[in-house]
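Undergrad: Let me begin by handing over the structure; questions about it come next.
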Amino acid sequence: MLFFWGIVGIIQDLFLPGLIFVYLLRYPKRRFERFIAIIASSLVINYLLVFLLTACHIYIRPVVFILLIVEIGSIAWLYRFNLKQPIEAFFSRIITQIGILYAKGLRVFRKGNDESALAVCARLLYWLFCLILAYIALNWIWKLFIWNLGSSFNSYDTVAEWNRWALDWAANQLPTGTWRYPQLLSSNWSLIYVLMGNTTIQFFAKSFMPLFTLLILLMMVDLAYQKKAPGYLLGTVISYLTLKKFLGGFLIEGLADMPAAFLAFAAVYLLILHQQDPNEADFSRGAVLMAVIAAGAGVTKQVGVEFLGLYGLVFLLFYLLPQIKRDKRQGWKSLWISVGLVLLIVVPWYAYRQVLIGQGLENSEMGMIMDATTYTYRSADVSLRFDAICQNMGKYFYLFVLIIPFSFLMDPLTRGINFLIALPLFLSWGFLASYDFRNLSIALPILSMNSGLYIHLVMDKLFGIFKKIPFQRIRNWAAIGLVVLMVFLLGYFFYPDDLLYQRHSEAVMQTFSTTINQKLMDALKDESGDFTILTNYPLDYLPGMQNKKVATIFNDYDSYRYELNHKGVDYVLVPNYADQQILDDVHARIQSGEFELVFQDDTWIPYEFVKVLPSK
């Protein structure tokens, strides 16, 4: 029954409370947005329920079972008309929706009155290129998601902290030794443990960790579709590249960084889509949903509180103030409801922890974080720190920095998100917590998305120039000549012969055993004259090794002796599966001083490389 209750626990964490909340809120309307809202609100509501039940000392399995029954009963009643429909109707709606998506997508490629057919084809290819990049990103995280199933926690922070705190919650105790670290993730894990009645099996708690990255990427794809802007698709692949580089395996570990990033990005995603909700009722409901989700980021990790403050400013300027100008009463009502929800969700935990820290019962984490950052850079000097960050981030640092000038060419909301959310998060990370790139996780998807938008902005300007070219006047022979000229110039300026030889040498060094290849090149770098190597190893393709190989398969001792004595062999590269007589002969010659052992390698197939010494 552990498997059954583990699955029920995942459903409780991700769906049940959110299904009730979103139905009662009657917002948002679109299915994918509802899906995101259900998962995000479920995580927040579960956290509040666990906190309340534990504070009342009634967070025990029977009470959770009663809660589960009430939720299932409520969902059955609220969705009773949907549940009565035949399953065929469900799949019919899916097919209809696919048709609508397809038709809506084709509108992007309709030819305008002032647009040439070639310009439309170029735009189509650009979209297809962006879609392929987005597919690569989604395929990567999907594979990680599948690979992660059935694994257990194995990073130190997860085992010693986040999962330990989940075990405290599951034991009906407020967790200890948490500093100010908020508990949304650990409290949700604890629900799985309580429902299973087992705190040993970790498969289920860890199983949905890659889901947060997958959902972030899917939200970017949805934004591209809704806004008809392939820049969001470029943001998807930049997110994939940055998350893979800076977080790597931590994406599937039990750490709060990506859940916080998911909740933060979900709040930004909804704001982008519903900045100008025309319906007053939808506007108020949107304010409630965004406030709940943004507050959820604040109780997932401390940096979420900083995000919440920055997001609140953008939310006020671009969502609430326009509504207040249109309808003062409704606007102020939405503002106070949002503030009340944020305070209800965020304040209790931090107030409780601050009281314990003030009484000396718990410690503050701020000194630890600052010391870790100073120790990482061996200096508290800010300029030296940012220089090191620039080197560590490489090309991505410049990619993100370019957001600043390009922001002035973007729409006001995107500019506000850049200057009031993304860049302040990046700067505060650099000052306070840059000892680990995980602490930048909450900003990476937003920075990546906006990087994709400004790259698209450049492409859009180029397409604007492209559209003005009178292609109807250009003959085919001229177009072919232009393509030939472009290829020639590309090769001459960007891909000279030396670069191609260099790239080829680097590529062939990666074939077969990279370590044997490198050891061979190091061992022979001082060889100035002609030499030959007796081997079966495919070294002909290595740089400078053409015509150096005397081929043999090391399965016949007499052939080996003939090649050795009559071909003027200077080196022997022999595998460990060679004929035993041959191996014995090689080792005997090493002992007698006829051969000199240069290196051994067993990273691939074990090989020995020996030099044939001149006869005395």
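Undergrad: Have a look at Gly430, Gly464 and point out the one that is touching a Lys or Arg at 6+ places or on another chain (Cβ under 8 Å) and free of Cβ contacts under 8 Å to residues at least 60 places away in the same chain. Quick ask: steps written out before the conclusion?
TA: Working: Gly464 fails: touching a Lys or Arg at 6+ places or on another chain (Cβ under 8 Å).
Of the residues listed, the single one that is touching a Lys or Arg at 6+ places or on another chain (Cβ under 8 Å) and free of Cβ contacts under 8 Å to residues at least 60 places away in the same chain is Gly430.
Undergrad: I need the full set of residues from segment 176-211 which are among the aliphatic types (A, V, I, L, M) and under 21 Å from Gly296 (Cα atoms), in order please. First the steps, then the outcome.
TA: First pass over segment 176-211, keeping only residues among the aliphatic types (A, V, I, L, M): 184-185, 191-192, 194-196, 201, 205, 209, 211.
Passing the criteria: Leu184, Leu185, Leu191, Ile192, Ala205, Met209, Leu211.
Undergrad: Here's another thing I want to ask about it. If Ala171 meets every condition in (1) at pLDDT 95 or above; (2) small (Gly, Ala, Ser); (3) in contact with a helix residue (DSSP H, G or I) (Cβ under 7 Å, 6 or more places away or on another chain) apart from one, which number is that one?
TA: It fails just one condition, (3).
Undergrad: Asp530 passes all but one of (1) closer than 18 Å to Val612 by Cβ; (2) surrounded by 15 or more Cβ atoms within 10 Å (Cβ to Cβ); (3) acidic (Asp, Glu); which number fails?
TA: Unmet condition: (2).
Undergrad: Which members of segment 167-199 meet the condition of being crowded, with 24+ Cβ neighbours inside 10 Å and hydroxyl-bearing (Ser, Thr, Tyr)? Can you show your working first?
TA: Step one: filter segment 167-199 for residues crowded, with 24+ Cβ neighbours inside 10 Å, giving 169-170, 182-195.
Those that are crowded, with 24+ Cβ neighbours inside 10 Å and hydroxyl-bearing (Ser, Thr, Tyr): Ser186, Ser187, Ser190, Tyr193.
Undergrad: Filter segment 467-486 down to the residues that are more than 12 Å from Ala117 (Cα to Cα) and of a type in the set (Val, Ile, Thr) and list them by number.
TA: Ile474, Ile480, Val483, Val484
Undergrad: Looking for something over 26 Å from Ser505 (Cβ atoms), touching a Phe, Trp or Tyr at 6+ places or on another chain (Cβ under 8 Å) and either at pLDDT below 85 or in a loop (DSSP other than H, G, I, E, B) (or both) - is there at least one such residue anywhere in segment 585-608?
TA: no
Undergrad: Can I ask one more? Evaluate the following for Ile582: is it part of a helix (DSSP H, G or I) and open to solvent by less than 20 Å² (accessible area, probe 1.4 Å)?
TA: yes
Undergrad: I would also like to ask the following. Only residues that are assigned to a loop (DSSP other than H, G, I, E, B) and in contact with a strand residue (DSSP E or B) (Cβ under 8 Å, 6 or more places away or on another chain): list them for segment 568-579, please.
TA: Looking only at segment 568-579, we keep the residues that are assigned to a loop (DSSP other than H, G, I, E, B), and these are 568-570, 576-579.
Of everything in segment 568-579, those that are assigned to a loop (DSSP other than H, G, I, E, B) and in contact with a strand residue (DSSP E or B) (Cβ under 8 Å, 6 or more places away or on another chain) turn out to be Val569, Asp570, Asn576.
Undergrad: Looking for whichever is hydrophobic (A, V, I, L, M, F, W, C), part of a helix (DSSP H, G or I), farther than 30 Å from Gly231 by Cα and at pLDDT below 85 here; the options are Phe65, Phe51, Phe91. Which one fits?
TA: Numbers: Phe65 fails: at pLDDT below 85; Phe51 fails: at pLDDT below 85.
Only one candidate qualifies: Phe91.
Undergrad: Looking at Ile36, Ile60, Ile69 in this structure, which one is open to solvent by 50 Å² or more (accessible area, probe 1.4 Å) and in contact (Cβ under 8 Å) with a residue 40 or more places away in the chain?
TA: Numbers: Ile36 fails: open to solvent by 50 Å² or more (accessible area, probe 1.4 Å); Ile69 fails: in contact (Cβ under 8 Å) with a residue 40 or more places away in the chain.
Testing whether each residue is open to solvent by 50 Å² or more (accessible area, probe 1.4 Å) and in contact (Cβ under 8 Å) with a residue 40 or more places away in the chain leaves just Ile60.
Undergrad: Please find, within segment 1-33, the residue that is modelled with the lowest pLDDT out of those that are open to solvent by 60 Å² or more (accessible area, probe 1.4 Å) and not hydrophobic (A, V, I, L, M, F, W, C).
TA: Per the stated criteria, the residue is Lys29.
Undergrad: Just name the residue that is farthest from Glu306 (Cα to Cα) out of those in segment 430-453 that are open to solvent by 10 Å² or more (accessible area, probe 1.4 Å) and in a helix (DSSP H, G or I). Give the steps one after another, and end with the answer.
TA: Residues of segment 430-453 that are open to solvent by 10 Å² or more (accessible area, probe 1.4 Å), as a first pass: 431-433, 435-439, 453.
Still in the list and also in a helix (DSSP H, G or I): 431-433, 437-439, 453.
Values: Phe431: 14, Leu432: 12, Ala433: 13, Phe437: 17, Arg438: 16, Asn439: 12, Leu453: 24 Å.
The selected residue is Leu453.
Undergrad: While we're here: Output the qualifying pairs, or none if there are none: Cβ atoms under 7 angstrom, residues six or more apart or on different chains, first residue in segment 600-616 and more than 17 Å from Val586 (Cα to Cα), second residue modelled with pLDDT of 90 or more and in a strand (DSSP E or B).
TA: As it stands, the answer is Ile605/Pro575, since those pairs meet every condition given.
The values are calculated or read from the model by the stated rules, or taken from the named source; none is laboratory data. Computed from a prediction, not measured in an experiment: that's the story for all the values here. For neighbour counting, all protein chains shown are included, and Cβ atoms are generated from backbone atoms with ideal geometry for every residue, glycine included. For the accessible areas, the whole protein counts, side chains as well, though only heavy atoms, and no ligand, DNA or RNA atoms are used. Shrake-Rupley method; radii C 1.70, N 1.55, O 1.52, S 1.80 Å.
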